Each structure stands twice: as structure tokens, then as C-alpha cells.
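Take a look at the structure set out below.
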Amino acid sequence: MFLTNARSVISGSAYVQQRSRSRCVHLVKMAGSWWRVCGRWSTSCTSTNVSDTLRCFSGMSTGASGSGLSRNSRFLYPTLSCFCRATHSDVKLKDPFMLAQKDLKCLYDDIKKEMFVSKQELKHLCDYYFDGKGKAIRPIIVILMARALNIHSNQAGDLLPGQRAIAMISEMIHTASLVHDDVIDGSDERRGKRSINDVWGERKAILAGDFILSASTMVLARIGNSTVIKLLSQVIEDLVRGEFMQLGSKENQNERFKHYLEKTFKKTASLIAHSCKAVSLLVNSDPDVHEIAYQYGKNVGIAFQLVDDVLDFTSGANQLGKPAAADLKLGLATGPVLFACEQFPELHAMIMRRFSSKGDVDRAWEFVLQSDGVQQTTFLARRYCDEAIRHISLLRPSPERDALIRLTEIVLSRDK
């Protein structure tokens, strides 16, 4: 009964509602241990404490005598929020973009000031993506999280200077990673315009990315909190490790999906998760509050990337601001492909050779569209968003907290 109800959340998907219980379990097992124990959790886990709930659900200890997994690994997979209290059905959720607008207004100008250089060409390179035309999803999340945490901690909702600096840093690190990614991938388009490496060449693009990253570390150092510095330094390490993970694949299908989710965390979600935790450290000393912030950022971050991977198959280049099917052309097997491999085993060989043979990209594209890969990945993204809502709902009610809940729907429904 539960599995059937959980599936029905994807509105308008007749396919999902018609799937049998056993087929549903078989497919989502690939995404981790969270699904395998859902039956036991639904009957035996009643705690509303964040760490207790996750420990009960995952079957792993979070103490020093635990399984030996890192915190990132232990909380990699979402629980299922169908069991959560429906606390927001009668609340009109706030528009996150409107609430964050005041703090975003001068954000890009302040970032440009941090990267002031006398050499005009370097300045043009560094300012190129800070034109205010990006989604700004990371600073928006950080700003709203900071204000929600301030209210939760019995303080005024306004940002602390250090919290605003973290919002800037999150966008600077993200942008530097985009510049470097475009060089690695040989991309010639980004955000609907020519990429930096296409305009100025790869060498100057690499230097520009390095300079943006160095400017972000200067802002970070001025915050003066060693724990915050350590957290955001971890982000840079995760970005590099995630890029290396993206260069490889796994023979075993279950290992392959785990590899994919861990890479997704490191390349996308780590920045959001650690930035959210960093702003919590500046206003509250309670580790449970830090974990709420971290878990919201992690789950929204993974969902955001899962949706991005879906859009590579469902949106055109004009909507995305970058070429469609880009991941397949780069040899990358994302969520839709990995789920499609369940129905079309021919994809396994293509994945292992990174779609390098003639016709691989076109055949893989067709297999994905004929399969339920897009629906399954969308379903998984929704589960991560549900988990993000479950955590953020533990904070004191505020317009900013409700905006963070609303933002999960925006993440799921976006088309670019």
C-alpha cells in the first residue's frame, strides 16, 4: 500500500501509477539502502528527532562506534516523507526570489568589487558570468537559510555580515567551477552565451577560474571563523574529487548508481550543504540545528542536479542555455541512463565505453526516451526534496522557512 501511494506523487504519470509493487522496489533499490528498509521504518520508527529518525531508518549508528561510513555517506540517501506531518497544507508559501531580492540586489556588484584588478582583460573575464543573469539558486538558498536560522535562534531576521559573505562565496566558488568545467568539457556555450574558454581560450579561462576562487578565499578568511573556513574548504576538495569520479564508472550496476549519487553530492550538493551549515554556525551553537541546515542543503542540492540531468533529455538547447544531450556526448551516464539500463541492458556496454562508438549517443538517447528513466529520476528528485522539507520544517515558522519549502517545488518544476 505504502509503495503504491508513494509512487502516485508524480502527478499525471499514468506509467508510475500502473507499475507493480515489486517492479517499483526493484528499480529504486539502485538508489541505496533507504528503500530496502522502508517497511521496517514505517512500523517501528516514530521519533521526530533528526538524527534519531535517520539512524532508525538507515539502520546505522551515528555514534563513534558506527559503521565507519563518513557523515556524507551515512546520510546520502533520503528517507520517504510520506510519513511526515502535513504541516504546510494551509499555509501560503512565500516566493523565495522575492524574499531574497533585497539581499541579492547588490550581491553581484559586491562580488565584482572583491575581484578588482587593474588589468582590464582579466577583469572582463572575471566579470563575464557575474552579470546577474544566472539562476542565483545558491546565494538565494544561503540567504533564506541564514534569515530562517536567525529567526529560529531568537534574533532579527537580517543577515549577519559573515552570512552575507558566505552567500557571496557560494556563488563565487560555483562560478569558478563552471569556468573550469567548461575547459574540461570543451563546452562552447554557458548561460545562453559563448563560454569564457570559447571567447578567450582555455589558458586564460583556467587563470580566470583560479582568480575567482582565490578572491573567494580572501572573503572567507575575513569571516574569521576557523570552522566555517574548514567547511567551505571541504567544498573545494569535494569539487575536485567529484570531477575525478566523473571520469570513471563502475562495472556493477548497483555500485554505479551509488558512484553517481556520491559524485552528484560532491560536484553539486556539497557547496549548498556546507554553505547552509556555515551560516548556521555563525548564529546558533546547537549541533541539531547545524544538521538541519546541512541536510536541507544536501537534499535540495542532489535534487537540483537530478532535475538538471533530466532536463538534458527533455529540454531544448534554447531553454538550457547549453547544448542538449551534452552529458551523453561527454560520455557521462546520468540518472535517466542508469535507470534506463534496467530495461535496455544494451546500455551497459555503451556506458562502459562512455558512448564512444559511432551511433552510441543517438541509440542511448532513444533508449532513455523509450524507458522510464526520466520518470524514475524525477521521482528520486522528489524524494530528496521531500527529505529537505522534512528537515527544514523542524525550524520555527517564518516566511523564510516557508520560502525554502516553496523552493523545493521550484527546483522540481524548472525547465532550464
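The values are calculated or read from the model by the stated rules, or taken from the named source; none is laboratory data. Worth saying up front: this structure is predicted, and the values here are computed from it rather than measured. The protein model used for the area step is the full one, side chains on, heavy atoms only, and it has no ligands, DNA or RNA in it. Shrake-Rupley method; radii C 1.70, N 1.55, O 1.52, S 1.80 Å.
Using a probe radius of 1.4 Å on heavy atoms only, what accessible surface per residue do you get for the stretch 100-215? Whole Å² is fine.
On the way: 5030 Å² over 116 residues.
That works out to 43 Å² per residue.
For the listed residue pairs LYS230/LYS298; LYS135/LYS250; LYS123/LYS193, the alpha carbons are over 21 angstrom apart in LYS135/LYS250.
Computed from Cα atoms alone, the Kirkwood hydrodynamic radius reported for the stretch 348-416 is 14.8 Å. For the stretch 112-174, the relative contact order is 29 percent, taking Cα pairs closer than 8 Å that sit 6 or more residues apart in sequence and dividing their mean separation by the residue count. When Rg and Dmax are taken over the Cα atoms of the stretch 291-416, they come to 16.6, 56 Å.
Normalised Debye scattering of the stretch 199-288 at q = 0.16 Å⁻¹ gives log10 I(q)/I(0) of -0.80, counting only Cα atoms as equal scatterers and leaving out solvent. Per the Kirkwood formula applied to alpha carbons, the stretch 248-352 shows a radius of gyration over Rh ratio, Rg over Rh, of 1.09. With an a/c value of 1.5 or above and a/b larger than b/c for the gyration tensor axes a ≥ b ≥ c computed over the alpha-carbon atoms, the stretch 139-198 is described as prolate. Each residue of the stretch 149-239 gets 117 Å³ once the volume of the Cα convex hull is shared out per residue.
Shape summary: the stretch 328-375 maps onto an equivalent ellipsoid whose semi-axes, from the alpha-carbon gyration tensor, are 15, 10, 10 Å in decreasing order. Per atom type, the stretch 175-267 shows carbon and sulfur on 52% of its accessible surface, probed at 1.4 Å. Of all aspartates and glutamates in the structure, those lying under 15 Å Cα to Cα from LYS133, and not within fewer than 8 positions of it along the same chain, are ASP109, GLU171, GLU189.
For the stretch 93-149, what does the alpha-carbon gyration tensor say about shape, rounded, prolate or oblate, given a ≥ b ≥ c as the root eigenvalues, a/c under 1.5 as rounded, and a/b over b/c as prolate? Prolate shape, in that a/c is at least 1.5 and a/b is the bigger ratio.
Which whole-number percent gives the relative contact order of the stretch 112-246, counting Cα pairs below 8 Å spaced six or more residues apart?
25
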